[in-house]
Amino acid sequence: MSEYDCEDILLVEDNPTDIELTMRAFRKNNLANPVIVAEDGSAALDYLFCRGDYAGRNPACLPKVILLDLKLPKVDGLEVLKVIKGEERLRMTPVVVLTSSREEQDIVASYHLGVNSYIVKPINFDKFVDAVCQLGLYWLVLNQCPR
């Protein structure tokens, strides 16, 4: 199995309501990719580096896309992004910051670290569903990753 055979989405989000909204939005838009939820930055890194609870995971199977919140417990989203983009094996994995932060410093820091896209979570559920649908269509269907 190569990393290109994997269709998983890694959702790094600590807010249970936002996790549920994202999952509902995926279901509503018939995006059936398996979603792995990491509720803090440390769990996300454990998943990506196949350690801790994920020690038995196949390291060749990388997520198709990572949806990353910034304000996370244990290890914040910017630090997670820095590790991902600094690791040769993970560098090409698309990372989309999906956060409530509109702070200019977070946007600039994210792009400086190599984020592929920065999206502020809409407050309205219908707009949130639409944003997740657009994310799914682009990153899971239209985007072409290098082989």
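A few comments on the model shown:
- Going through (1) assigned to a helix (DSSP H, G or I); (2) closer than 21 Å to Glu7 by Cβ; (3) in contact with a helix residue (DSSP H, G or I) (Cβ under 6 Å, 6 or more places away or on another chain); (4) modelled with pLDDT of 90 or more one by one, Leu78 falls short only on (2).
- Search result, residues across the stretch 100-147 that are at pLDDT 80 or above, within 25 Å of Met23 (Cα to Cα) and either among the aromatic types (Phe, Trp, Tyr) or touching a His at 6+ places or on another chain (Cβ under 7 Å) (or both): Tyr118
- Number of residues in the stretch 81-120 that are closer than 13 Å to Val65 by Cβ and not in a helix (DSSP H, G or I): the value is 12.
- Of the candidates Leu21, Leu31, Leu62, the single residue that is at pLDDT 90 or above and not basic (Lys, Arg) is Leu62.
- Close pairs from the stretch 86-97: first over 10 Å from Leu62 (Cα atoms), partner among the acidic types (Asp, Glu) and assigned to a loop (DSSP other than H, G, I, E, B), Cβ under 8 Å, at least 6 apart: Val97/Asp69
- Applying the condition of being more than 17 Å from Ile36 (Cβ to Cβ) and crowded, with 19+ Cβ neighbours inside 10 Å to the stretch 57-80 and asking which residue is nearest to the chain's Cα centre (by Cα) yields Leu70.
The values are calculated or read from the model by the stated rules, or taken from the named source; none is laboratory data. Note that the structure is a prediction, hence the values are computed from the model and not measured. Here Cβ is always computed from backbone atoms with ideal geometry, including for glycine, and neighbour counts include all displayed protein chains.
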